[in-house]
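Below is one structure, written out as structure tokens, with a few remarks after it.
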Amino acid sequence: MKAKDELGKDAIVTNVKQIKPGGLMRLFKKPTYEITAALDETPPKTELSRRESIKAMFKDNPDIILDDDGKDSKEEEKLTHAFSDSKKLEQKISNIAMLLEKQMGAAAKPDPEKKEEEKKDNAAEEKNNACLQLIYKQLLDNEVDEKYINQLITEIEPALKKDGSVENILSGIYQKIVLKLGKTEVMGVTQGKARFVFFIGPTGVGKTTTIAKLASKLKLDRKLNVALMTADTYRIAAVDQLKTYAEILNVPLKVVYTDTELKDAYEEMKNYDIVLIDTAGRSHRDKQQREDIEKLISAVPKEERDIFLVLSITTKYRDLIRITEAYSEIAEYRLIFTKLDETDTLGNIFNVKLLTGAPLSYATFGQKVPNDISRLDAQMIAKQLLGGSD
Ligand SMILES: Nc1nc2c(ncn2[C@@H]2O[C@H](COP(=O)(O)OP(=O)(O)OP(=O)(O)O)[C@@H](O)[C@H]2O)c(=O)[nH]1
Ligand SMILES: [Mg+2]
């Protein structure tokens, strides 16, 4: 109690030592106690670091990994409820706006020479500019490419009112970002027909792990008839890695070495709902390797396949540009971003989306199979980019 009196309610007692009086006094006096107490200085849970908050955000994301042509409307509702809750959003925007206003302080100093009317206009303009500058800084801090920040600001500028509030500007930018990120497109299933889903991308980004996560959810949560296939026969351990998952999930695994073998496997596996196909991580710089993947993909007719390009968010943007360009030559793809648990910033998602125009699909945020995966959500990313991480 004394420790809490002195240090506050978060004090922790770390040691208690009894001190016995010496000499004759020990017969008459009670022992005293020395208490060591400390205050834990790690911030309380509400002040999560940005990285932790990214992870937490995705953990709360409802677990919708399949598009059922609108059949699963209940889950859709869940999604809408969690992320498009307009009241919460307003609150969020006004919170960010308040922060910005505070930072802006008395940015607009009126000029005593000017006429009253002009002064008012000027003050409003300066306030708008200060606000845009802060938004600019915030987006830059989140590693959004300057080119795209400029685009956003240029697009929003004509709509700015002279008496526009910070909140208006912010929700304008927010809406623009959400629009640009577009609708998320995840895997689809066609009733009575197998869907062949390819996962392509650079080495080590998490293709195989992502397949394991999705296979597990499709099989255990959605009770679908899942099969795995791998064309990754370049590394000795690669097949084993997927084989282990196939055994745990009790789903078949087909190993194919060439596009002809893949064609045969395609015929064989037509009775499954969904076949997830792993490919070897190849260097996007090698033309021959790209052509190999192209051949594999074209073994399945276009209407029966989906292609996901798996990218790690921790890859630097310059490399992401080259990688996405190289894969664009091979196929039309959707985007999966991995390793969101290893970053503080989501700017790359926005950059790559705008660069490629490809639909966003999933995000992964850890090594745990199957939990660390969810659908990407435009509103969630927009919020994060504008600094509303809590
Ligand atoms: N932190 C983190 N690690 C991940 C994530 N996804 C995968 N990993 C790890 O990244 C490493 C590579 O994962 P793989 O699934 O083997 O990657 P791959 O793309 O199949 O690699 P190759 O087949 O060699 O091209 C493993 O250690 C995974 O556990 C993620 O979302 N976050
Ligand atoms: Mg792999």
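The accessible-area ordering, largest first, of the residues SER94, SER361 stands as SER94, SER361, per a 1.4 angstrom probe. Given a Förster distance of 56 Å, report the FRET efficiency between ALA37 and LYS180 from their Cβ-Cβ distance, rounded to the nearest 0.05. Efficiency at R0 = 56 Å is approximately 0.60.
With a cut-off of 14 Å between beta carbons, the residues surrounding THR210 carry a summed charge of +2, where Lys and Arg count +1 and Asp and Glu -1. Phi angles of the stretch 309-321 translate, via the Karplus equation with coefficients 6.51, -1.76, 1.60 and θ = phi - 60°, into HN-Hα couplings of 8, 9, 10, 8, 5, 7, 5, 6, 4, 4, 6, 4, 4 Hz per residue; Gly and Pro are given as x. Taking amide H as placed 1.01 Å from N in the peptide plane, ASN225 has its amide H under 5 Å from the amide H of ASP273, ILE274, each at least 5 places away in sequence or on another chain. Ligands, DNA and RNA aside, GLU329 has an accessible area near 120 Å² when probed at 1.4 Å. Modelled spin-label separation between LYS368 and LYS243, with each label point placed 7 Å from Cα along the Cα-to-Cβ direction: 2.9 nm.
Residue by residue, the stretch 126-136 carries 3J(HN,Hα) couplings of 5, 5, 4, 4, 4, 5, 4, 4, 5, 5, 4 Hz when phi is fed to the Karplus relation 6.51 cos²θ - 1.76 cosθ + 1.60 (θ = phi - 60°); x denotes Gly or Pro. Note that the stretch 140-268 presents 49 Å² accessible area per residue, ligands and nucleic acids not counted, probe 1.4 Å. For the stretch 300-308, putting each phi into the Karplus relation 6.51 cos²θ - 1.76 cosθ + 1.60 with θ = phi - 60° gives couplings of 10, x, 3, 6, 9, 10, 10, 10, 10 Hz, in residue order, rounded to whole numbers and with x for Gly and Pro.
For ALA37, the residues 5 or more places off, or on other chains, whose built amide H falls under 5 Å of its own are THR14. So which of LYS55/LYS302; LYS183/LYS270; LYS127/LYS176; LYS147/LYS383; LYS120/LYS183; LYS55/LYS263 end up more than 31 Å apart by C-alpha? Pairs exceeding 31 Å: LYS55/LYS302; LYS120/LYS183; LYS55/LYS263. Once the Cα-Cα distance is subtracted from the 0.36 nm per residue extended length, the LYS287 to GLN191 segment shows a gain of 30.9 nm. Between the alpha-carbon centres of the stretch 134-204 and the stretch 370-386 there is a gap of 11 Å. Here the spin labels are modelled as points 7 Å beyond Cα on the Cα-Cβ line, and at VAL16 and THR203 they lie 5.9 nm apart.
The values are calculated or read from the model by the stated rules, or taken from the named source; none is laboratory data. Computed from a prediction, not measured in an experiment: that's the story for all the values here. Neighbour counts run over all protein chains shown; Cβ positions are idealised from the backbone, glycine included. Ligands, DNA and RNA are stripped out before the accessible areas are found, and what is left, the full protein with its side chains, is counted by its heavy atoms. Shrake-Rupley method; radii C 1.70, N 1.55, O 1.52, S 1.80 Å.
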